[in-house]
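First the structure, in the form of structure tokens, and then the observations on it.
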Amino acid sequence: MTTMGRKELEAAIGVILRDEGRLSIDVAELDVGDDLFAAGMTSHASVSVMLALEESFGIEFPERMLRKQTFESVTAIADALTGLIDADVTC
């Protein structure tokens, strides 16, 4: 996987959230730290988001990361992805 900057990563997450997150508001109106569940994302939709992220970034979320907090905001998702991508690169 090629490395991307934080803004590009957040933008890619935003596209996935728009397509899979089933948010009640436009993802473009959200700040990266806003609570996605408060914006209408359900636990079912978060699974769809997770699967789309795995496919898009070529990673797999380990069981320890399968918690609501991992997917609660764009920032949380970006942090999780960065950790997974960095771990994959160093392996």
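Values in this text are rule-based calculations from the coordinates and carry no lab data. This is a predicted model, so every value here is computed, not measured. When we count neighbours, we look across all protein chains shown, and the Cβ atoms used for this are built from the backbone with ideal geometry, even at glycine.
With the requirement that a residue be more than 12 Å from the chain's Cα centre (by Cα) and under 14 Å from Ile77 (Cα atoms), what does region 6-26 give you?
Correct list: Arg6, Lys7, Glu8.
Suppose the filter is surrounded by fewer than 16 Cβ atoms within 10 Å (Cβ to Cβ), of a type in the set (A, V, I, L, M) and assigned to a helix (DSSP H, G or I); does Ala87 pass it?
yes
For region 29-51, which positions are touching a helix residue (DSSP H, G or I) at 6+ places or on another chain (Cβ under 7 Å), among the aliphatic types (A, V, I, L, M) and surrounded by fewer than 16 Cβ atoms within 10 Å (Cβ to Cβ)?
Correct list: Val32 only.
Give the residues of region 1-60 that are β-branched (Val, Ile, Thr), part of a helix (DSSP H, G or I) and touching a residue at least 40 places away in the same chain (Cβ under 8 Å), sorted by residue number.
Scanning region 1-60 gives Ile13, Ile16.
When you scan region 1-17, how many residues do you find that are surrounded by 13 or more Cβ atoms within 10 Å (Cβ to Cβ) and of a type in the set (D, E, K, R)?
1
Would you confirm, using the coordinates I've provided, whether Ser24 is out of contact with any His (no Cβ under 6 Å at 6 or more places or on another chain), among the polar types (S, T, N, Q) and surrounded by 13 or more Cβ atoms within 10 Å (Cβ to Cβ)?
no
Does region 40-67 hold any residues that are farther than 15 Å from Leu17 by Cβ and out of contact with any Asp or Glu (no Cβ under 6 Å at 6 or more places or on another chain), and which are they?
Gly58, Ile59, Phe61, Pro62, Glu63, Arg64, Met65, Leu66, Arg67 - these are the residues of region 40-67 that are farther than 15 Å from Leu17 by Cβ and out of contact with any Asp or Glu (no Cβ under 6 Å at 6 or more places or on another chain).
For region 52-84: of the residues being farther than 19 Å from Arg6 by Cβ and of a type in the set (Asp, Glu), which is surrounded by the fewest Cβ atoms within 10 Å (Cβ to Cβ)?
Restricting to residues being farther than 19 Å from Arg6 by Cβ and of a type in the set (Asp, Glu), the top hit is Glu63.
Go through (1) in contact (Cβ under 8 Å) with a residue 40 or more places away in the chain; (2) of a type in the set (Gly, Ala, Ser); (3) over 21 Å from Glu29 (Cα atoms) for Ser73 and report which single condition fails.
Failed condition: (3).
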